[in-house]
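The values are calculated or read from the model by the stated rules, or taken from the named source; none is laboratory data. Note that the structure is a prediction, hence the values are computed from the model and not measured. We place every Cβ from the backbone using ideal geometry, glycine too, and count neighbours over all the protein chains shown. Please note that ligands, DNA and RNA were not included when accessible areas were found on the heavy atoms of the full protein model with its side chains. Shrake-Rupley method; radii C 1.70, N 1.55, O 1.52, S 1.80 Å.
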Amino acid sequence: MSSSAQPPGAHLPEHPDFLWDDTEPKASYDVVVVGGGGHGLATAYYLAKVHGITNVAVLEKGWLAGGNMARNTTIIRSNYLWDESSGIYEHSLKLWEGLEDDLGYPVLFDQRGVLNLAHSLQDVRDGVRRVNANRLNGIDAEWLDPAGVEEICPIVNTSPDVRHPVLGATYQPRAGIAKHDHVAWGYARAAHAMGVDLVQDCEVTGLETAGGRISAVRTSRGRILAGKVALCAAGHSSVLAKMAGLRLPLASHPLQALVSELLEPVHPTVVMSNAVHVYVSQAHKGELVMGAGIDSYNGYGQRGSFHVIEQQMSAALELFPVFARAHLLRTWAGIVDVSPDASPIVGLTPVAGLYLNCGWGTGGFKATPGVGHCFAHTVANDEPHPFNAPFTLERFTTGALVDEHGAAAVAH
């Protein structure tokens, strides 16, 4: 493959050459994982490492980690309000803290902290409530006044005269960012070394069942017999589930972000604002990374409405006046599945041997190690891991929802 045709991340000197190999799928596998992004690769890795299941194929319709994994904004945190959410995200954060040693690969996890700004009295009340909830769950969390915000991030405008005055912020010191392509390659490299097949350019076109159980996967590269199938394709989960006769309570939306030109280090942490739906960090190479809330319309197009980005930039420049001189480098969008309670769906389905991992909305990247570990347990043992047990499909009929709409200061 020529360098001009290589997918994102191919320039990395430690990038494993096997990722471009044209691996042919075998006739059958014990487990087929659909989706070669962070969640799919992590699931395959933990199936092999923890449960000894190595006859596994990861099927990706494009190239590995070329979907949402290549389009996210790399924020990692666990300071969610509800016990169920904080449980799985904190489990993930603890795995992040040891991931480089586990994979033997540099994922560049940088614990620079995350600030969630408060701009109104209600924001302050919600923030203090979340800090107290986090502490009760053993998660590091602090409440900062405006002076404390300025101490952590001096470039934030804490003047009381702006449209969105900063009245304080929650702060999680252990939060941070990681290099998304490194995370994907690390999991892919480790899973491949244990015998997992990574099959690119392989689109799933159908799911076959027999006697109420999954039996095979039809793909653009032929039919594959499967003992179990794990769906991990962000943004297209409803389409895949429909192939097995399941209708999921999900809506797919575009989610936009952008980066600036390369700059010298200027932004020491991650800053998020629920009120203006903007979040800003600085990547390892130096770009400012800025993201917005989801576009309001449903769609599968990896693009978004210009007015969303325009409003996002207006708010960002009020919070960070120094950025007015930065130049835009590129914009993009991914596709996110959003459930009615803004929490994921992870677990078994009415079809035996078919498992769901979807509905993460904007929280998927930070959950990568945790959900990979828990989902692998679910697939291997045919029962939920304690951390993903609250996120079953059945909660939408029992009413045991985990409603994170706005409760966690933008679900990014």
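Observations
- Of the listed requirements (1) assigned to a helix (DSSP H, G or I); (2) farther than 26 Å from Phe323 by Cα; (3) open to solvent by less than 10 Å² (accessible area, probe 1.4 Å), Val107 misses just one: (1).
- Subset of the range 132-160 (residues that are outside any loop (DSSP other than H, G, I, E, B), farther than 23 Å from Phe320 by Cα and in contact (Cβ under 8 Å) with a residue 40 or more places away in the chain): Ala133, Asn134
- Scanning the range 22-41 for residues that are part of a loop (DSSP other than H, G, I, E, B) and open to solvent by less than 10 Å² (accessible area, probe 1.4 Å) turns up Gly35, Gly36.
- Residue count, the range 346-364 (criterion: modelled with pLDDT under 95 and open to solvent by 10 Å² or more (accessible area, probe 1.4 Å)): 4
- Single unsatisfied condition, Arg163 versus (1) touching a residue at least 40 places away in the same chain (Cβ under 8 Å); (2) more than 30 Å from Lys26 (Cβ to Cβ); (3) open to solvent by less than 40 Å² (accessible area, probe 1.4 Å): (3)
- Being open to solvent by 10 Å² or more (accessible area, probe 1.4 Å) and not assigned by the TED database to the domain that holds Ile152 is not true of Val196.
- Val402 meets all of the listed conditions (1) touching a Phe, Trp or Tyr at 6+ places or on another chain (Cβ under 9 Å); (2) open to solvent by 10 Å² or more (accessible area, probe 1.4 Å); (3) assigned to a loop (DSSP other than H, G, I, E, B) but one, namely (2).
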